[in-house]
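The values are calculated or read from the model by the stated rules, or taken from the named source; none is laboratory data. Values in this document were obtained by computation on a predicted structure and should not be read as measured data. Cβ placement follows ideal geometry from the backbone for every residue including glycine, while neighbour counts extend to all protein chains displayed. The protein model used for the area step is the full one, side chains on, heavy atoms only, and it has no ligands, DNA or RNA in it. Shrake-Rupley method; radii C 1.70, N 1.55, O 1.52, S 1.80 Å.
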Amino acid sequence: MSDTRALEHYCWFHQQTRQRAYPNATTLAAQFEISTRTAQRRIETIRDRFGAPLEYDHQRKGYYYTDNSYQLPPLWLSQNELLCWLIARNMLESATAGHASRALSAFEARLFRENSIHPLNPQQLRNLFSSQYTSLAPCNPDTFNAATHSLLLSRTLSIDYHSPQDNQHTTRTIEPHHLFHYHGAWILVAWCHLRHQWRQFHLARMTSARMEPETFVPRPAEQWQSLVNHAYGLFQGKQTTAVRLRFSPETSRWIREQQWHPAQTMREETCGAVELSFHVADLREIKMRVLSYGAEVEVLEPVELRDMILEEAKKMVGESE
């Protein structure tokens with residue numbers, strides 16, 4: 001029987017008990033056209049798993065609460081919902097340097113205590129599901145906490161930021177608008193007061209982060225949306241370039257299973273090769289991925305990417321001038 005139907009049974013029995021109607025397995029079974037055995041299991045669940053102060057009155061042949069202020073658990077989740085919760089938590093906790101585990105441990109304990117219709121063992125789930133990243137960049141827990149609170153409360157965030165591109169440290173005030181997880185790193189999209197532009201900030205590159213008391217009015221999503229998954233990779237922008245790659249028939253067996261971008265197109269060739277097309281805002285990141293496939297991939301367009309690959313290959317074998 002579905003969890004939704006079971007919830008109906010619990011709620012009806014709870015209301016009847018609070019109203020001193022003295023319900024029992026027979027009345028519960030008649031109300032929902034279920035067997036008395038199933039009805040009795042529902043009552044036992046309320047008493048034993050939900051901790052209800054439930055007693056049986058032999059004279060009235062029904063149940064009552066010894067403490068009529070008792071309430072059913074406020075949060076109800078199905079087994080699949082609890083499973084999704086655990087898998088998501090296991091996959092993300094390493095990316096926050098354990099912050100998720102510490103922040104959610106108390107909530108998780110209550111979650112499983114109050115949703116024990118289909119009991120799941122959290123530790124067992126941790127042993128069964130995990131995630132791995134090829135380049136994990138966990139952020140400081142205090143940084144993650146400050147960034148998420150600033151984002152939720154629309155308050156400015158003061159950060160000390162290190163940019164590996166120019167190896168510079170800067171102090172900035174930013175207005176957080178969106179946080180996303182990309183290849184093992186947390187990226188914050190924010191309006192930068194220093195540059196007067198939209199920027200992407202890696203939480204792992206923030207040496208300090210402090211939420212300020214000043215609030216800001218969130219800007220329209222249309223202004224920053226192009227910085228999130230508009231084109232392939234982390235480098236984003238409104239101006240994009242079409243990329244077409246042709247993979248060898250052997251490598252295409254794996255390429256067919258992959259999604260490089262939600263808006264990609266894939267064309268099959270009779271020889272078994274696959275042609276993959278998508279847009280990029282910057283050629284640097286796709287260059288590195290193409291190089292990882294070596295001679296198994298051919299760059300069909302753009303010409304600029306072909307030239308970049310050729311130049312990099314020459315450097316790798318020491319043929320550059």
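Taking packing as the residue-averaged number of other Cβ atoms within 10 angstrom, the listed peptides 260-270, 23-33 run from highest to lowest as 23-33, 260-270.
Residue-wise HN-Hα couplings along the range 156-171, as the Karplus relation 6.51 cos²θ - 1.76 cosθ + 1.60 with θ = phi - 60° gives them from phi, are 5, 10, 9, 9, 9, 10, 10, 9, x, 4, 10, 6, 10, 10, 10, 9 Hz; Gly and Pro carry x. Computed 3J(HN,Hα) for the range 7-17, one whole-Hz value per residue from the Karplus formula 6.51 cos²θ - 1.76 cosθ + 1.60 where θ = phi - 60°, is 4, 4, 4, 4, 5, 5, 4, 4, 5, 4, 5, glycine and proline marked x.
Remark: the Glu212-Thr270 segment gains 14.9 nm on full extension, using 0.36 nm per residue and subtracting the alpha carbon distance.
Proximity of backbone amide H atoms, modeled 1.01 Å from N, is registered between His202 and Leu188 at under 5 Å, excluding neighbours fewer than 5 places apart on the same chain. Within the accessible surface of the range 207-311, defined with a 1.4 Å probe on protein heavy atoms only, the carbon and sulfur portion equals 51 percent. The slack in the chain from Leu152 to Arg20, taken as 0.36 nm per residue of separation less the alpha-carbon distance, amounts to 43.1 nm.
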